[in-house]
Amino acid sequence: MGVERGTHVGLHLENTPHFIICFFGVLYAGGTVVNFNPQAGSHEFVGQLVDSQVRLVVSGDWQGDFATTKRLAAENGVGLIGCSLSDFLPPAAVAGLIDRALREWSCGEAEQRFADLIANDGALDAAAGGQSESDVAVLQYTGGTTGEPKGAMLTHANFFAVLYMLLLFTGGGFNERQYKILCVLPLWHVFGLTFILLRSVMTGTEMVLHLRFDAGRVLSDISRKKVTAFSGVPAMYAALVNHSRFLTEDLTSVLSWTSGGAPFPAELKAQFEQRARVDIYEGYALTETAGIAVQALTPDKLGTFCVGLPVPNTLVEIVDMETGTRLLPPGEHGEICISGPQVMKGYWRRPDENAAAFEGGRFHTGDVGFLDKKGFVTVLDRKKDMILVGGHCIYPRNVERVLNEHPAVEEAAVVGVPNPDFGEVAHACLVLRPGHNPPTQREFYAFLAERLSTHEIPLKFQFLDALPRTAAGKVKKRELSAKDRDVTAGRAA
């Protein structure tokens, strides 16, 4: 289909063999993979489709409104490869995975079926030209440090560095052929791509692919298929520990539980570890660092929000938030900066943002934290999520940690809302545990006053059925803060 060095090919796919085959096929041909979130709305999809300059997109006919995907690709002059679950599974198995009837579709101009694409003689033709280590392997869209989606240019050298870091970090014994990992993290996300797909292919680890996350299926497959490794985001762990079969399914085959992608509430982590009698290892990274930067060497509670030590060949520095150039000593709070061979080449077609992101020759993460004297990294919050109340700086993650300790609270998210008296005030969005009634505001104040400073206590509490999340499990705080801009309610409180 004309894919060669420099060609951008979009993968708009969930976790199926199509993704893995097309991912390595594009790279082998010399092209660049552009990962799209198949659950994203059409506005986001079109924006990234145009910005990334893809010539071809691969999508699944079982995903959402496939007809709309076909139409948007055609309208923007992008070729399309249509995939079906029946490419690999019999009808009965397909029916068990999706809950809607599939409609037949016909190929239009510049379209092709995946089944026809791979129906060849099996003879392998050598690629016309090999890639340079500085060539972009993957264009991975991220909110970055400003919240506006942009493509992080991750090179072949970036991903090789990540795999080598993991090799060093595990002590050199990287033969994992006896392992079996359950893949519920989306492969189009850098966490699933690096920690599951690339690592598994390198080590010969068997992957058990799940189309999407379902807590019941996860528990069943761990027990039935004797899975030895599980990686997920905290929201997945919450769904597992609250499932009715969590204590009855056999989870003893799992040797490694890892979490990333979002902060792990201490109460939830303790609850999971105590019930399952396991340890969960956490890490800290960004899309811009190809999914690795800081890892916990042990599951020990090193301190609130401490995420461990920098991985090999990685330098973590803290700079002041005013100028972004002055290095701070251990213990002082500032912006976390990262340097290393896993750091992206830059943002696609964003020269101004690249200049800001790499000021001083180091990558500015947009996260606030500090280093202790032993080099351990503590992440306090996102720089843009900090709330300034009457001159006092509030870290929402710390307030959320305390709220999560309340016996009635299942999950908490704290955002800043405008206030005429203080500039901003903290607003708590809460999800209650099953069977609990909402505490009164007076009860919340009494609970929080013993654990937080006066200016940290939220002035308003809102109860929701669930917190809005991205596909990677992160809470959509901008969506929450946009829901409540009623300053009068804040004044009354």
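The numbers here are math on the coordinates, done by the rules we state, and not lab data. The shown structure was predicted, so the numbers you read here are calculated from the model rather than taken from an experiment. Ideal geometry is used to build each Cβ from the backbone, glycine not excepted, and the neighbour counts take in all protein chains shown.
Kirkwood hydrodynamic radius for the stretch 386-492: how many Å is it when counted over pairs of different Cα atoms? Display every interim value, and only then the final one.
Working: mean 1/r = 0.0713 Å⁻¹.
With all distinct Cα pairs of the stretch 386-492 included, I get 14.0 Å.
Return the FRET efficiency for the residue pair residue 315, residue 42: r is the Cβ-Cβ distance, R0 is 25 Å, and the value is rounded to the nearest 0.05. Don't jump to the answer; show the numbers that get you there.
Working: r = 41 Å, r/R0 = 1.64.
Result of the calculation: an efficiency of 0.05.
So for the pair residue 112, residue 247, with labels modelled 7 Å out along Cα→Cβ, what separation do we get in nm?
The answer from the label model is 5.5 nm.
Here are some pairs, 225/477; 269/477; 150/374; 345/474; which of them have Cα atoms lying more than 28 Å apart in this structure? Don't skip to the answer; put the middle values down first.
Details: 225/477 37 Å; 269/477 22 Å; 150/374 35 Å; 345/474 25 Å.
Check vs 28 Å cut-off fails for 225/477; 150/374.
Where a Cα-Cα gap under 20 Å defines reach, which aspartates and glutamates qualify for residue 180, not counting those fewer than 8 residues away within the same chain?
Correct list for residue 180: 14, 206, 214, 221, 249, 250, 279, 282.
Note down the relative contact order for the stretch 406-480 as a percent, whole number, built from C-alpha pairs under 8 angstrom at least six residues apart. Display every interim value, and only then the final one.
On the way: 103 pairs, mean separation 25.1, N = 75.
Answer for the stretch 406-480 is 33 percent.
How high is the relative contact order of the chain, in percent, counting Cα pairs under 8 Å that sit 6 or more residues apart? Could you put the intermediate results ahead of the total?
Working: 906 pairs, mean separation 49.2, N = 493.
Taking the mean separation of contacting Cα pairs over the length of the chain, I get 10 percent.
Multiply the residue separation of residue 256 and residue 278 by 0.36 nm, subtract the distance between their alpha-carbon atoms, and state the gained length in nm to one decimal.
Working: separation 22, 0.36 × 22 = 7.92 nm, distance 0.87 nm.
That pair, residue 256 and residue 278, stretches by 7.1 nm at full extension.
Using modelled amide H (1.01 Å from N, peptide plane; none on Pro or chain starts), what sits under 5 Å from the amide H of residue 410, excluding residues fewer than 5 places away?
Residues meeting the criterion, in which the H sits 1.01 Å from N, are 431, 432, 433.
Using label points projected 7 Å from each Cα along Cα→Cβ, tell me how many nm separate residue 436 and residue 482, to one decimal.
Label at residue 436, label at residue 482, 2.9 nm between them.
Contour minus end-to-end for residue 322 and residue 266, with contour as 0.36 nm per residue of separation and end-to-end as the Cα-Cα distance?
Working: separation 56, 0.36 × 56 = 20.16 nm, distance 3.09 nm.
My answer for the length gained is 17.1 nm.
Which value, in debye to the nearest 20, gives the size of the charge dipole of the stretch 386-492 about its Cα centre, when Lys and Arg are +1 and Asp and Glu are -1 at the Cβ? Display every interim value, and only then the final one.
Values: 14 positive and 13 negative charges, 60 e Å.
Rounded to the nearest 20 debye, it is 280 debye.
Go ahead and run the numbers for FRET between residue 86 and residue 217, Cβ-Cβ distance against an R0 of 22 Å, rounding to 0.05.
Values: r = 20 Å, r/R0 = 0.92.
For R0 = 22 Å, the calculated efficiency reads 0.65.
Could you give the longest part of the chain that holds none of the trypsin sites (Lys or Arg not before Pro) found in DSSP loops with at most 11 neighbouring Cβ atoms within 10 Å? Write down the numbers at each step before the final one.
Values: sites that count: 100, 103, 177, 277, 301, 373, 374, 485.
Free of exposed loop sites, the longest segment is 375-484.
Using r as the Cβ-Cβ distance of residue 169 and residue 206, and R0 as 30 Å, what FRET efficiency do you calculate, to the nearest 0.05?
Numbers: r = 22 Å, r/R0 = 0.72.
Efficiency, rounded to the nearest 0.05: 0.90.
Give the angle, between 0 and 90 degrees and rounded to the nearest 10, that separates the Cα long axis of helix 17-28 from the longest principal axis of the Cα atoms of the chain.
Roughly 80 degrees between the two axes.
Which shape class, rounded, prolate or oblate, goes with the stretch 150-382 when its Cα gyration tensor gives a ≥ b ≥ c as root eigenvalues, a/c under 1.5 marks rounded, and past that a/b bigger than b/c marks prolate?
Values: a/c = 2.01, a/b = 1.56, b/c = 1.29.
Prolate, because a/c is 1.5 or more and a/b exceeds b/c.
Assign one of three labels to the stretch 16-157, namely rounded, prolate or oblate, based on the Cα gyration tensor with a ≥ b ≥ c the square roots of its eigenvalues; rounded applies when a/c is under 1.5, prolate when it is not and a/b is larger than b/c, and oblate otherwise.
Note, shape of the stretch 16-157 comes out oblate.
Just to confirm the filter: which GluC sites (Glu not before Pro) across the stretch 1-103 are DSSP coil and have at most 16 other Cβ within 10 angstrom of their Cβ?
Qualifying residues, ordered by number: 4.
I need to check one value: relative contact order of the stretch 150-382, counting alpha carbon pairs closer than 8 Å and at least 6 residues apart, in percent.
On the way: 430 pairs, mean separation 44.2, N = 233.
Relative contact order of the stretch 150-382: 19 percent.
Residue 102 versus residue 353, label points 7 Å from Cα toward the beta carbon: distance in nm?
Rounded to a tenth, the inter-label distance reads 3.6 nm.
Along the charge dipole of the stretch 386-492, which of 454, 413, 390 sits closest to the positive end, that is, farthest toward it, with unit charges on the beta carbon of Lys, Arg, Asp and Glu (+1, +1, -1, -1)?
Working it through, the farthest residue towards the positive pole turns out to be 413.
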